[in-house]
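Have a look at the structure below, then the notes.
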């Protein structure tokens, strides 16, 4: 008896639960669901770019270590550290006293050999000297001419000029210092344009092209983007890293970017002028 009453109570409870889950029927017996809120957004057409983020290193457009081509004593230093200089501007002048005296001696010997040559040419024409004597005179004249040219070049090497326009680095010499050809005088850097060097993975090489636009950021100027374009893609793959060297030029009129800076680079791989987009 107790077991039958318990079974009746359980069955009644299940019926009540099922009845509570049923939806209310509308007219004609159709089930009516409660309304669902939706948000409709209009799809638009706009340009879309596929970008690749890579770490890179900034390098100066041109950078050279300034050295003299001859040994000597520093006589004049015609630049200030950090100064912008023009192409062909004289930076350092060495003592020219010995070189000038040597050049003057060479010119005197050249004049004498030239006079001997002119005299020998006339004598040989008149058949008063042999072919051998004339050839010796011609050879002496040529040797003296070459000697003068060499001494003039050495005299010119006593002055060091800027090979291109740029910014001079720290000064490594002082007036009166004896230097050799291996002595570093200063550095010259061209920062009007900088280069960004990155290693492109083998996977994306087919999407890299010359003239491709890019932008990058540096920690020194947070929130600021610098833009440029690719101008070099290495024809070789590094076997150890399976990457290729990619270089881009970035205009740098304010000299904000410096060589050695780390660059977070975004390279545009693909651009779609009219893609359907939604938020």
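The values are calculated or read from the model by the stated rules, or taken from the named source; none is laboratory data. Small disclaimer: the values here were computed from a predicted structure and weren't measured. Ideal geometry is used to build each Cβ from the backbone, glycine not excepted, and the neighbour counts take in all protein chains shown.
Below are the figures for this structure:
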item	result
Verdict on residue 139 being in contact with a strand residue (DSSP E or B) (Cβ under 7 Å, 6 or more places away or on another chain) and over 19 Å from residue 264 (Cα atoms)	no
Segments classed as strands (runs of 3 or more DSSP E), wholly inside region 174-278, with at least 3 members that are surrounded by fewer than 12 Cβ atoms within 10 Å (Cβ to Cβ) and at negative phi	262-277
All positions within region 122-170 that are without any contact (Cβ under 8 Å) to a residue 40 or more places away in the chain, exposed (fewer than 14 other Cβ atoms within 10 Å of the Cβ) and within 30 Å of residue 83 (Cβ to Cβ)	153
Some residue of region 71-93 being out of contact with any strand residue (DSSP E or B) (no Cβ under 7 Å at 6 or more places or on another chain), farther than 30 Å from residue 264 by Cβ, modelled with pLDDT of 90 or more and buried (at least 16 other Cβ atoms within 10 Å of the Cβ)	no
Residue 65, sole failed condition from (1) at pLDDT 80 or above; (2) in contact with a strand residue (DSSP E or B) (Cβ under 8 Å, 6 or more places away or on another chain); (3) over 28 Å from residue 257 (Cβ atoms); (4) exposed (fewer than 12 other Cβ atoms within 10 Å of the Cβ)	(3)
Answer from 128, 123 - the residue that is out of contact with any helix residue (DSSP H, G or I) (no Cβ under 7 Å at 6 or more places or on another chain), more than 30 Å from residue 176 (Cβ to Cβ) and part of a loop (DSSP other than H, G, I, E, B)	128
